[in-house]
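Here is the structure we will look at, set down as structure tokens.
The values are calculated or read from the model by the stated rules, or taken from the named source; none is laboratory data. All of these numbers come straight from a predicted model, not from anything done at the bench. All Cβ positions, even for glycine, are placed from backbone atoms using ideal geometry, and neighbour counts span all protein chains on display.
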Amino acid sequence: MTRIGSLETRHGELALPVFFPDATRAVVRTVDAADLEACGVPGLVVNTLHLTQSPGVGLIKSQGGVHAFMGWDRPVITDSGGFQAMSMIRENDRYGSISDAGISFVNADAPRRKKLKLSPEKCIQIQLDLGADILICLDDCPRPDADATEVATSVRRTMAWAERCKQEFEIQVARRGLDPAPLLFGVIQGGYDCDSRKRCADGLLPLGFDGYGFGGWPLNAEGGLAADTLAYTASLMPNHLPKYALGVGSPEHLVRCREMGYGIFDCVLPTRDARHHRLYCTDPEQKDGYSYLYILDDRHKRDPRPISETCDCLCCTRFSKSYLHHLFKIQDSLALRLATIHNLRFYSRWMDRIREKEAEG
């Protein structure tokens, strides 16, 4: 299978495959830019919807864009925000409505019920104001249990919104004099139905995006990887362009999806797991090459060894399991920082390992 090995962006070249941690609100919780750099993190994903709500796109733009705002000089992907808005709206219509015009989102939990109209055009304008390196088209993500009618509507809207996004992107790039321009990715929807996926891809490919993403739920009803759907969707994407598996994040799923041709991944998994005491350890004896460690288990209370003997992160080179166990027990914020650093470093090394195996042939 042909897989591209790198991607050039306005903030540097990315070696593929690459994993981007989620910095949803312009922060990876508990760590700063220096920590992320030390972990070898190549780039971050921020969320358009959440940053529009707080602190506001105008404020971030006034600070020089999201890179300057975060103190981060490596690539940034801006998620369109559509997934978050639609998941909330489909759970409870008090959060707004979805139509062919776009998404009308209401922050029902905020004072004065703050409203946001997220049209394809507005979505592109916001992402450019943030200063992203890779923009994602607004797409209509159906529920995992969506019926054929909902999936068909999702595909139709996704294609129409993608065309509007591309048109607005070209207008804004020319108007703003962006040279080089950021990259724009289209998202292929279609639920678990191959015909719907193909129909969506057939509508998006002629628009000429810089890359394509897998949209929708990457897991099946049993919680396992929706491998057949992911593989089929990857086969619909041009092999000379980057393929983005949005929301795919467990180490073994990264390996499997890379074999399908995907080169970009993002997920909250490593940072969320760190905050919930679940740490990753390289383990050659395990089937997938790693194992989990739950630091609050009593057996770690007196263990003077690091989380992983082979890890070169700050946590493992300076502190023991016993100390980290203690920090979590007393609920000190240093525990969250050290655990997050460790998991992010594990992911960076995991991606290094995948690239090394590819280079070896």
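Tabulated results
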{"quantity": "Number of positions in segment 129-146 that are within 15 Å of Gly247 (Cβ to Cβ) and among the aliphatic types (A, V, I, L, M)", "calculated": "1"}
{"quantity": "Scope segment 166-210; condition over 26 Å from Thr149 (Cα atoms) and either aliphatic (A, V, I, L, M) or not assigned by TED's automatic domain parsing to the domain that holds Ser154 (or both); matching residues", "calculated": "Ile171, Val173, Ala174, Leu178, Ala181, Leu183, Leu184"}
{"quantity": "Helices (runs of 4 or more DSSP H) contained in segment 43-95 and holding at least 3 residues under 18 Å from Lys117 (Cβ atoms) and assigned by TED's automatic domain parsing to the domain that holds Gln125", "calculated": "48-53, 82-91"}
{"quantity": "Flag if Asp195 is without any contact (Cβ under 8 Å) to a residue 12 or more places away in the chain and in a loop (DSSP other than H, G, I, E, B)", "calculated": "no"}
{"quantity": "Residues of segment 215-233 satisfying the condition of being among the hydrophobic types (A, V, I, L, M, F, W, C) and surrounded by fewer than 21 Cβ atoms within 10 Å (Cβ to Cβ)", "calculated": "Trp217, Leu219, Ala221, Leu225, Ala227, Ala231"}
{"quantity": "Criterion: part of a strand (DSSP E or B), surrounded by fewer than 17 Cβ atoms within 10 Å (Cβ to Cβ) and either out of contact with any Ser or Thr (no Cβ under 6 Å at 6 or more places or on another chain) or among the hydroxyl-bearing types (Ser, Thr, Tyr) (or both) - qualifying residue of Tyr212, Tyr292", "calculated": "Tyr292"}
{"quantity": "Number of the condition not met by Thr158 [criteria: (1) closer than 24 Å to Asp129 by Cβ; (2) assigned to a loop (DSSP other than H, G, I, E, B); (3) among the hydroxyl-bearing types (Ser, Thr, Tyr)]", "calculated": "(2)"}
{"quantity": "Close pairs from segment 99-119: first among the β-branched types (Val, Ile, Thr), partner modelled with pLDDT under 85 and assigned to a loop (DSSP other than H, G, I, E, B), Cβ under 8 Å, at least 6 apart", "calculated": "Val106/Arg113"}
{"quantity": "Residue check for Val268: under 17 Å from the mean Cα position of the chain (by Cα) and free of Cβ contacts under 8 Å to residues at least 60 places away in the same chain", "calculated": "no"}
{"quantity": "Output for segment 295-311, where each listed residue is exposed (fewer than 12 other Cβ atoms within 10 Å of the Cβ), at pLDDT 95 or above and of a type in the set (D, E, K, R)", "calculated": "Asp298, Arg299, Arg302, Arg305"}
{"quantity": "Flag for Thr30 being modelled with pLDDT of 95 or more, hydroxyl-bearing (Ser, Thr, Tyr), surrounded by 18 or more Cβ atoms within 10 Å (Cβ to Cβ) and part of a loop (DSSP other than H, G, I, E, B)", "calculated": "yes"}
